[in-house]
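K.L.:
I'd like to ask some things about the structure below.
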Amino acid sequence: MRDELLTIGRFARLCRLSVKQLRHYDDRGLLAPVHVDAGSGYRYYAPEQARDALTIALLREMDLPLAVIARALAAGPEHRARILRAERDRLAERIGRDQARLKTLERLAQGGLPGYEVTVGREPERRLAVLRATCAPAGIGAGVGECVGRLLPALGGAAAAWEPPLWGLYPLDLDERVEIAVGAQVPRGEAVPGLDIVVLPGGLVAETTHTGPYAHLRLAYNALLAAVHERGLRPQAPVREAYLVGPAEAPEEELTTRLVVPVQEGA
């Protein structure tokens, strides 16, 4: 056995880790000792393993999964950078969701559940030229933004006679992956290259209007769907959002969104 090898206790102190952590990293195949005594089972580490041990500890403090850390350690510099950038992007997305939740909680703490007027009426048939996207529920905002960024140039390039506002179409149930669509109302017979045509049938709907950030739309949905069920109505997909005042027109406190849920009478 090499004289310069360190016992697990000394190595743990050198790396500011616990013996328990090092044993766990060994069990997961993340950082194996260079020598294990056959008789005593004692683990021994080489000083040059300290860099990997410290890197593992650093990445664990950032809540990176051990499996991701293992891939990063085994990868070359370019692949490792791609792995870490992907984790950075996931962390940024999670922080964004947490910030939205924080704002919602602050609003609830200040004023409780906001009041929304929910009305039931009839909606006309609408013919929309749409772009579709599939995303996780947490990525709906980004998906909508991407669709809008492609939709408006497509409408302009085709000189389509479309009628504001823009519409968003969403499923009732938010599974791990959801299909969304963003579109604009176009006249019957109008075709827009690169866009699908969706005809939303007219009929009975429940609706409300939300003023404020999109992050608070869940409060409006809470009131809208509660009212639907309380009135003995059955919600139908797709849920529709009409963006009456959008981000290009006003600050987020003044954004205005009409929420429309098709409904059927009877339980």
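K.L.:
For segment 1-100, what D do you get in µm² per second when you plug the Kirkwood radius from alpha-carbon pairs into Stokes-Einstein at 4 °C and 1.567 mPa s?
P.N.:
Working: Rh = 14.9 Å.
Value of D from the Cα-based Kirkwood radius: 87 µm²/s.
K.L.:
Which residues does a label at E106 reach in segment 196-228, if reach means a backbone N under 12 Å from a point 7 Å past the Cα toward the Cβ?
P.N.:
Counting backbone N atoms under 12 Å from the label point, the list is empty.
K.L.:
How big is the equivalent ellipsoid of segment 105-193 along its three axes, where each semi-axis is √(5λ) from the Cα gyration tensor, reported in whole Å from largest to smallest? Each step should come with its number before you reach the end.
P.N.:
Details: eigenvalues 167, 69, 34 Å².
Its equivalent ellipsoid spans semi-axes of 29, 19, 13 Å.
K.L.:
May I ask for the Kirkwood hydrodynamic radius of segment 62-142, worked out over all distinct Cα pairs and given in angstroms to one decimal?
P.N.:
17.4 Å
K.L.:
Choose one of A100, L64, T119: the residue whose Cα lies farthest towards the positive end of the charge dipole of segment 56-124 (beta-carbon charges +1 Lys, Arg; -1 Asp, Glu; about the Cα centre).
P.N.:
L64
K.L.:
Go ahead and estimate [θ] at 222 nm for the chain from helices alone: -39,500 (n - 2.57) per DSSP H run with n ≥ 4, summed, over the residue count, rounded to 500. Intermediate values should be presented prior to the final figure.
P.N.:
On the way: 7 runs with 105 residues, N = 267.
Value at 222 nm, helices only, nearest 500: -13000 deg cm²/dmol.
No lab work stands behind these numbers, since they all come straight from the coordinates. The structure displayed is predicted, hence computed values, not measured ones. Heads up, the Cβs are rebuilt from the backbone with ideal geometry, glycines too, and the neighbour counts pull from every protein chain shown.
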